[in-house]
Each structure stands twice: as C-alpha cells, then as structure tokens.
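Q: Just dropping this structure here.
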Amino acid sequence: MKIVRIPICYNISPVLLLMLLFLLTQVSFAAQENKTADKKQPPADLKITSDKMVAGKNQSMVEFMGKVKVVRADSVLLADSVKVFFHTSKTKKKGRPNVKRILATGNVEYTEGDRKAFSNQADYDTADEILVLTGEQARLLTGKSWITGKKITLFKAQDRVVVESTEETRVEAFFDAEDQGRSLDKP
C-alpha cells in the first residue's frame, strides 16, 4: 500500500488550522431563503478536497489547488484552483455565512440539480447570491437547452440570468422543444 502525502503549508499555527476547519464546516455557497416562510434555512455543510491547501495566519482567504472538488448539498464545483474568502470579525454580519466569496479558476465545472455550467472562472458572492461565469465560451446547460457568452451572471435570489458578449463573440442559445416550460436559471 502506497502512502500519498499531501503538501500543506506548515507555517500555519495549529489554532489557525483548527479555526479554518471549523469555518469550513460552517460555510455555505449562500444561506438560501425558504420561499414559504420568513426564516432562513441553516447553512449547508461544505466539503472541499484538493491536492494542496495554502492559508496564511493574517489572511482571510484559503486557497485550494489541484483537482479541487467542492460539494454542498446537491451542488458540485470542480476547478484547478478555488479561493475561499472569509469575513473578518469587522465585516461578519449576524446570521450570515462565514464565507464572503468563492473564486474558482481553471477548467471550472459547476453542477446544481440538472443545471450545469462550464467556464474559465466562476466568482460567487454569498451575500448577494450572484454567480458570475467568465471565459472564452462560458456555457450554461439545462436539460438539452444551452446558452453561451463571454460572461454569464446568475442572480440566484432573483431567478434571473444575464448573458453578455463581446465584439468578437456573440451570445448563442439553443432551446430544445422538450425543455419548453423549464427555465435556464432554475434546476
């Protein structure tokens, strides 16, 4: 049996490492609202696996590198690198998740239910529940329908999508007849 060692930045104090592990178990992509009640659902657990993790004592960011996989509830994010930005004690608001932002780069694949997205970069703001996908051909698929553009912005709380183009690359979309009645921004 071969033992594989994963390199970790050893200049992290044990207290900081324990704090990071605690925070990572408490984070979520967003505290999703329950549409039928005024209460917020508790944050879902977030599990991250990678080849390497780097964190600094005085930084409010942890970077995961190498075949990164982030799993939360029914969502899966795959990327070459994922940076998780945390609120500091000054920016943390009561009732909000500890994670401020998640930035994934390199071969990004995001799956939530039957919705899939592909891009060079994905930037998720947890407070506003906005996911921005960018790249040469950012692509969003739901069922057999798809849409591509230079920048795709999913406003999750508003159930809205904005797709932008450049002078060289225009927005393209295909709406399958069988997917009629299903929205591209909802799973």
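Computed from the coordinates by the stated procedures, all read-outs in this text should not be read as laboratory data. These numbers were taken from a predicted model, which means no experiment stands behind them. No Cβ is skipped: glycine too gets one built from the backbone with ideal geometry, and neighbour counts run over all protein chains shown.
Q: Grab the beta carbon distance between ARG139 and VAL54, set R0 = 30 Å, and tell me the FRET efficiency rounded to 0.05.
A: Result of the calculation: an efficiency of 0.50.
Q: What's the FRET efficiency of LYS69 with ASP176 using the Cβ-Cβ distance as r and R₀ = 35 Å, to the nearest 0.05?
A: 0.75
Q: Can you give me the long-range amide H partners of SER145? Hydrogens built in the peptide plane at 1.01 Å from N, cutoff under 5 Å, separation of 5 or more residues or another chain.
A: ASP176
Q: Quick one, can you get me the convex hull of the C-alpha atoms of the range 115-175 expressed as volume per residue in Å³?
A: 77
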